[in-house]
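Each remark here refers to the structure printed beneath this line.
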Amino acid sequence: MKSLFALIGGLLVAATAMAQDVGPDVLVKTVTNEVLDIVRKDKDIQSGNTKKAIDLVEIKVLPHFNFTRMTQLAMARDWRIASAAQQKVLTDEFHVLLVRTYAKALTEYKNQTVHFKPFVLKAGETDVRVRTEIKQAGAGKNVELDYWLEKSGAAWKVYDIEVGGISLITNYRESFASEVRNNGIEGLIKSLQAKNKSGEATSVKK
Amino acid sequence: MKTTLPARIKSVAVAIAAVGLLAGCATSGNPKDPIEGFNRAMFAFNEGLDAAIVKPVAKGYEAVLPSPIRTGVTNFFANIEDLFVGVNNLLQGKVPEAFSDLGRVVINSTVGLLGLIDFASDAGLEKHDEDFGQTFGRWGVGNGAYVVIPVFGPRTARDTVGLVLDIAADPVANHNPERTRDLALALRFVNDRANLLPADKVIEEAALDKYSYMRDAYLQRRRNLIHDGNPPREIEADAGSTDHPLTAEAEVIEPRAALVPAAPAMLVARTQPPEAK
């Protein structure tokens, strides 16, 4: 079973044209540059076409994300009280929410440049932070954008993103926990589904 | 004359006192946010104020003024702020950073045409973000309760005290004559808001509950700032790991060298070395 996953993982990496054993810093850099190149040329995304931005994120970025791990991090202790089926639904819904957010951020892109900070991978490390900084072209302060990656098999997967020190994953912890406290796991699933539905409405409107 | 400045401080003090009074009656399950009921009301008030006045003005400002001018405005106020940032770095014992801030002020005030152009950043003198709340945090003062202050927005009890000092030490707020001071304060406020406009939609998209999303983002951000971008990574509370309250996070800053040998292996692995300059 494990080797099957490794095989699927390997195929995914191959499918996204990433050579095996690509370092986490190289991975972040390649994907960032690839995505920004597309956004820079795409007038639709720049003018707020969220649907198109979502497609871009789904194809280019998602293969490198570990959503199960992200959902687990956001759920903290409540992850264990969810059934396997609930975990699956939660992961899928959280996936949609994160993709929407990421896509929305891309539509706000305006000539910023990304600076990749020096990175050294120590031997045997499997859990690393790759630091980047978004340089604003005009007004506004630079924003640090850091990626936490974990090695699974031969591939590195992003499991957390920090913007200016704010983890986009653990930022959900308190609201998830209070939702579960008040309405149980099913309540959290319902509120995520409702949130994603309302997001659909706004992205269609665009 | 600075007649209205003490009044301003007084109004913040009144807000704090009001918070203190309400702390007795409104309670919630979250130990970081014991006066959640009051905070949510203030948050709603601030959101309303933003939607009705601040945001439309900021949008108009953004639409009317070309980007290079807005950059100039941002840089101008950032330059004034750098002096204050330097003082806070000094208070935190970060002498090289304090000198770098002073260097920034010297360069940007002269070559940078009274701060309109940020040459210092191009010259490699990084812009820092410091205030009195962070200085107290560095000294080991904990967050205290989370508070939403009218107009100013999210703070912690510690950062509220910091805010009162920030205002008292703010060169813009102390400027004479009053007319230019008020204009400058308004301009800075609107410009700051305009710089945040792009984040609005992303937050709306991301948040299940905007109040708690903003609260937790604020708390994470402050923690990061106090540690100058290298906070000890929070111990994970994910499936399979031993139970611990999510709030059991040490807010007191320990010297990094002392922290490392004492920390569990997992935490050490996640504590990043200071970034190579």
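The values are calculated or read from the model by the stated rules, or taken from the named source; none is laboratory data. Predicted, not measured: the structure shown is a model, and the values here were computed from it. All Cβ positions, even for glycine, are placed from backbone atoms using ideal geometry, and neighbour counts span all protein chains on display.
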Item to check | Boolean, A:E162 is more than 10 Å from chain B (Cβ to nearest Cβ) and either over 24 Å from B:A78 (Cα atoms) or assigned to a strand (DSSP E or B) (or both) | outcome: no
Checklist entry - In the range A:91-107, what residues are of a type outside the set (D, E) and away from chain B (no Cβ under 12 Å)? => result A:T91, A:H95
Checklist entry - Got a number for residues in the range B:162-204 being in contact with a Lys or Arg (Cβ under 9 Å, 6 or more places away or on another chain), touching a residue at least 24 places away in the same chain (Cβ under 8 Å) and β-branched (V, I, T)? => result 2
Checklist outcome for this item: Within the range A:66-84, the residues that are hydroxyl-bearing (S, T, Y) and outside any loop (DSSP other than H, G, I, E, B) are A:T68, A:T71
Checklist entry - Scanning for something surrounded by 15 or more Cβ atoms within 10 Å (Cβ to Cβ), more than 10 Å from every other protein chain (Cβ to nearest Cβ) and outside any helix (DSSP H, G or I), does the range A:134-143 turn up at least one residue? => result yes
Item to check | Residue identified as out of contact with any strand residue (DSSP E or B) (no Cβ under 7 Å at 6 or more places or on another chain) and either in contact (Cβ under 8 Å) with a residue 60 or more places away in the chain or buried (at least 19 other Cβ atoms within 10 Å of the Cβ) (or both) among A:E125, A:E108, A:E93 | outcome: A:E93
Checklist entry - Is there a residue being at pLDDT below 85 and crowded, with 17+ Cβ neighbours inside 10 Å anywhere in the range A:24-37? => result no
Next on the checklist: Can you confirm whether A:A74 is of a type outside the set (D, E, K, R), out of contact with any Leu (no Cβ under 8 Å at 6 or more places or on another chain) and either surrounded by 19 or more Cβ atoms within 10 Å (Cβ to Cβ) or facing another protein chain (nearest Cβ under 9 Å) (or both)?
Outcome noted: yes
Next on the checklist: With the structure loaded, tell me whether B:P96 is free of Cβ contacts under 8 Å to residues at least 40 places away in the same chain, within 13 Å of chain A (Cβ to nearest Cβ) and in a helix (DSSP H, G or I) or whether it fails that test.
Outcome noted: no
Next on the checklist: Pairs please, first residue from the range A:155-177 and over 23 Å from A:G23 (Cα atoms), second anywhere and aromatic (F, W, Y), Cβ atoms under 7 Å, 6+ apart in sequence or on different chains.
Outcome noted: A:N171/B:Y213; A:S175/B:Y213
Checklist entry - Has the range B:232-244 got any residue that is facing chain A (nearest Cβ under 7 Å), out of contact with any helix residue (DSSP H, G or I) (no Cβ under 9 Å at 6 or more places or on another chain) and modelled with pLDDT of 85 or more? => result no
Next on the checklist: Taking the conditions exactly as written (of a type in the set (K, R) and more than 8 Å from chain B (Cβ to nearest Cβ)), does A:K110 satisfy them or not?
Outcome noted: no
